[in-house]
Amino acid sequence: MMSHLAATIQQLATKGKGILAADESAGTIGKRLAAVSVESTEESRRAYRNLLITTPHLNEYIAGVILYEETLSQQTLDGMLFPEKLKNLGILAGIKVDKGLIPLENTNQEQVTQGLDGLAERLIAYRKLGASFAKWRAVYAISEGTPSSLSIKTNAEILARYAAICQNNDIVPIVEPEVLIDGDYTLERSAEVSEKVLQAVFKALFKHKVKLEYIVLKPSMIISGKQCKTPASVAEVAKATLTILRRTVPAAVPTINFLSGGQTPEQATAHLNAMNTLSPALPWNLSYSYARALQEYPMKIWHGDSNNISQAQAAFALRAKLNSLASVGKYNESMEKEKMQA
Ligand code: 5MM
């Protein structure tokens, strides 16, 4: 019989499907809701996530949804626990298990991710609630002196410890080293930093005996900083990202699911598509695990008003469909005009 880890990764790496990151912590979802003038309450968060999860056709494009702890024990309107609802749709439930960022002392305002204490016990409880994969995010800011080698090494070590604990509890870890998009840095600088970060992460995963066959890598794309005066083109981003991934990510990793990191929804889709058309012979599945690039439009359309639910769901399904097409290199810009019926 297939092991839990094997069955989970097989489903998450399904060609043409991606992962929805709906795991915004209380602070982050609060900011997103405030931006559309909705008060963040347990009920508004539940209603919004209910909208996402009950979107018609979601299971055609999404293999797994990363949830936040609160959502794991919330219910859909018809009284089903969210993980149970997802299971019925053939979608896996995942859980963000890191406990956020704290300062990494003796660095220039760099940060490290906390949450290893008691993680094994929490994973056992999350499994019982229906989670089969987890997510942990490390963050690296690019500036003149950052990320420092201390931050790169410390975050890599912690990501590897998290991944080892997950696998030993039958949970597939999503390993998410996020190089932040903010800054005026060039594509070349982004490539240089990402190469160092990914090399350190895989060195640490090896040291901690993490089985690469049972992880999802969730990296940033190699892009020029948001304030860069000479922004890189879609083709340049695709080429640079594949170059760095080929140098650093072993072929044993089954799937790489990018974060969108503040790119526009259209950019995130175009970049993913370009990578999947650039070369047919990639060693890994190349897909998405977006939060903002999937949710930006449905969140704005919904606006906290239940009358807008089906329109918001149609916008969400369209984004998911376009990214699904991009994950097999079959997206083109003209598809942005398509109107989907909910
Ligand atoms: C980088 O953020 C992750 C991917 O989202 P984007 O596609 O929007 O970049 C996302 O999963 C993130 O880790 C969660 O939203 C949780 O964020 P916080 O800041 O609440 O830990």
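The values are calculated or read from the model by the stated rules, or taken from the named source; none is laboratory data. Being a predicted model, the structure only gives us computed values, none of them experimental. Cβ placement follows ideal geometry from the backbone for every residue including glycine, while neighbour counts extend to all protein chains displayed. The area values use the complete protein model at the heavy-atom level, side chains included, leaving out ligands, DNA and RNA. Shrake-Rupley method; radii C 1.70, N 1.55, O 1.52, S 1.80 Å.
Output the antiparallel fraction of DSSP beta bridges having both residues in the chain, as a percent to the nearest 5.
Details: 5 of 36 bridges.
Looking only at bridges with both residues in the chain, the antiparallel portion is about 15 percent.
Which far-off residues, 5 or more places away or on another chain, put their amide H under 5 Å from the one on Ile95, with H placed in the peptide plane?
Distant-sequence amide H within range of Ile95: Leu67, Phe133, Ala134, Lys135.
Once you have the Cα-Cα distance between Thr14 and Glu236, take 0.36 nm times their residue separation minus that, and quote the gain in nm to one decimal.
On the way: separation 222, 0.36 × 222 = 79.92 nm, distance 2.69 nm.
So the extension gain works out to 77.2 nm.
Which three numbers, in whole Å and largest first, are the semi-axes of the equivalent ellipsoid of the stretch 189-257 derived from its Cα gyration tensor as √(5λ)? Please report the intermediate quantities before stating the final value.
Numbers: eigenvalues 128, 29, 16 Å².
So the equivalent ellipsoid measures 25, 12, 9 Å along its semi-axes.
Per DSSP helix of 4 or more residues, -39500 (n - 2.57); summed, then divided by the residues of the chain. What does that give at 222 nm, rounded to the nearest 500? Spell out each step's value before the answer.
On the way: 13 runs with 154 residues, N = 342.
Calculated mean residue ellipticity at 222 nm is -14000 deg cm²/dmol.
Under the √(5λ) rule applied to the eigenvalues of the Cα gyration tensor, what semi-axes describe the equivalent ellipsoid of the stretch 16-172? Give them in Å, descending. Write out the running numbers ahead of the final one.
Values: eigenvalues 173, 76, 39 Å².
For the stretch 16-172, the semi-axes come out at 29, 20, 14 Å.
I'd like the carbon and sulfur percentage of the solvent accessible area for the stretch 4-337, probe radius 1.4 Å, heavy atoms only, ligands and nucleic acids excluded.
Details: 7170 of 13920 Å².
After summing per-atom areas, the C and S share lands at 51 percent.
Compute the label zone of Glu42 within the stretch 68-94: residues whose backbone N is under 16 Å from the point 7 Å along Cα-to-Cβ.
Correct set: 68-77, 79-82.
Looking at the stretch 259-342, which GluC sites (Glu not before Pro) are in a loop (DSSP not H, G, I, E or B) and have at most 13 other Cβ atoms within 10 Å? Can you show the working numbers first?
On the way: sites: Glu266, Glu296, Glu333, Glu336, Glu338; in loops: Glu338.
Counting only loop positions with at most 13 other Cβ atoms within 10 Å, the GluC sites (Glu not before Pro) in the stretch 259-342 are Glu338.
Around Asn276, what is the net charge, scoring Lys/Arg as +1 and Asp/Glu as -1 over all other residues with Cβ under 14 Å from its Cβ? Let's see the in-between values first.
Values: positive: Lys15, Lys17, Lys239, Lys330; negative: none.
Counting the neighbours of Asn276, the net charge comes to +4.
Label-point separation (nm) for Ser334 and Ile124, each offset 7 Å from Cα along Cα-to-Cβ?
Result: 5.8 nm between the two label points.
Once you charge only the Cβ atoms, +1 for Lys and Arg and -1 for Asp and Glu, what is the size of the charge dipole of the stretch 39-191 about its Cα centre, to the nearest 20 debye? List each step's numbers first, then the result.
Working: 15 positive and 21 negative charges, 113 e Å.
The calculated dipole for the stretch 39-191 is roughly 540 debye.
State, as an integer percentage, the relative contact order of the chain based on alpha-carbon contacts under 8 Å between residues 6 or more apart. Please list the in-between numbers first.
On the way: 681 pairs, mean separation 61.2, N = 342.
That works out to 18 percent.
Could you give the alpha-carbon Rg of the chain over 2.2 N^0.38 Å, rounded to two decimals?
Values: Rg = 18.8 Å, N = 342, 2.2 N^0.38 = 20.2 Å.
After normalising by residue count via 2.2 N^0.38 Å, the value is 0.93.
Please compute the per residue accessible area over the stretch 4-337 with all protein chains in place, 1.4 Å probe, rounded to a whole number of Å². Show your work: numbers first, answer last.
Details: 13920 Å² over 334 residues.
For the stretch 4-337, the solvent-accessible area averages 42 Å² per residue.
Can you compute the FRET efficiency between Ile102 and Glu192 using 1/(1 + (r/R0)^6), with r the Cβ-Cβ distance and R0 = 22 Å? Round to the nearest 0.05.
Details: r = 26 Å, r/R0 = 1.19.
FRET efficiency, Ile102 to Glu192: 0.25.
Given points 7 Å out from each Cα along the Cα-Cβ axis, report the Lys229 to Leu89 separation in nanometres with one decimal.
Result: 4.6 nm between the two label points.
Find the centroid of the Cα atoms in the stretch 1-50 and in the stretch 127-200, then give the distance between the two in whole Å.
Centre-to-centre distance over Cα atoms comes out at 19 Å.
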